[in-house]
Structure formats: structure tokens, C-alpha cells
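Reviewing the structure listed below.
The values are calculated or read from the model by the stated rules, or taken from the named source; none is laboratory data. Please read all numbers here as calculations on a predicted model, not as lab measurements. Here the Cβ positions follow ideal geometry from the backbone for every residue, glycine too, while neighbour counts run over all protein chains shown.
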Amino acid sequence: MYWLVALMTLAILGLILTGLVLELRPRASARLRDWFRPALGTQLVVFVGAQLGLLVLGLNDALAATETLAETAAPEISLGMGLAIIGAGIPTAISTIGAGIAVGPIGAASLAAITEKPENLGRTLIYLGLAEGIAIYGLVVSILLINKI
């Protein structure tokens, strides 16, 4: 499994180095564009393949570990308890999706406003904070629900 981690690390380092070359030497990147595109594609394929390999190998390790944990008298969770835990996590999931949808346009608009008037930085940060507050509200609701379980 360590070779998959090494493969992922090499793929990420290759992507970072390629990005640096493209950023720092734009003239050279125009000449080497035919070489960089397949290299980037290959590195992405290697990275995603290594992640899938880690997922499969990690899943096998996790399943093997649960068999040994079951022998140590772990308490069983009923179907109702499992559904209650999932239900407690739903507010966090929905609120973070909503916060992500809100922060995107607000962030773009705030950057545009800051470039025109830099003194509006404080106001735009307040708007971004209000949009992020949506996710915090969902997290608080989930924590309160988990305390009731």
C-alpha cells in the first residue's frame, strides 16, 4: 500500500512542477504545450488510479479490522439509531451545500467591488461571513440533534 502513496505523491509533485513551469515560463509553455497536455493527463490518471487503489486496499483493511473489533464485544447499533445519526448529519450536509452556493457569487462580487474601491474590504468580508454562517448554523443544529440521541 505504501507504493500507492508514493505513486500519488509523485503524480501530485509532477502536476505542481508542470503548473509552475507553465506559470513561470509562458513562452516555453507555448512550445511545449504538445508535450505537457499528455503529461498532465497521464499524471491525473495515475493519481486517480492510485486513489482508487488506496480505496480498495483500505476497504479491505477496514473490513478485516471490523472482524477483530466484533470479537471484542462492540455494541451493536440498531437500524433506528443509524437512521437517527444520518438524520442528525443531514442539516450539516444541506447547510454546507447552501453556504458553498452562496459564497461563490458573493466572493466574485466582493473581489470585483474591492478592485474598484479597496476601502470596501470590510463590508465584503462581512457578507462572506454571513454566507459562511449558514454552514455553522447547520453544524450547530446537528450537534444539538446528536446530543438528543
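Observations on the structure shown:
- Test: residue in region 31-38 that is in a helix (DSSP H, G or I) and at pLDDT 75 or above: no
- Among the residues listed as G14, G19, the single one being part of a helix (DSSP H, G or I), out of contact with any Pro (no Cβ under 9 Å at 6 or more places or on another chain) and modelled with pLDDT of 75 or more: G14
- Of the residues in region 130-149, not one is in contact (Cβ under 8 Å) with a residue 60 or more places away in the chain and among the small types (G, A, S).
- Qualifying residue in region 53-74 (condition: modelled with pLDDT of 90 or more and within 18 Å of the chain's Cα centre (by Cα)): no
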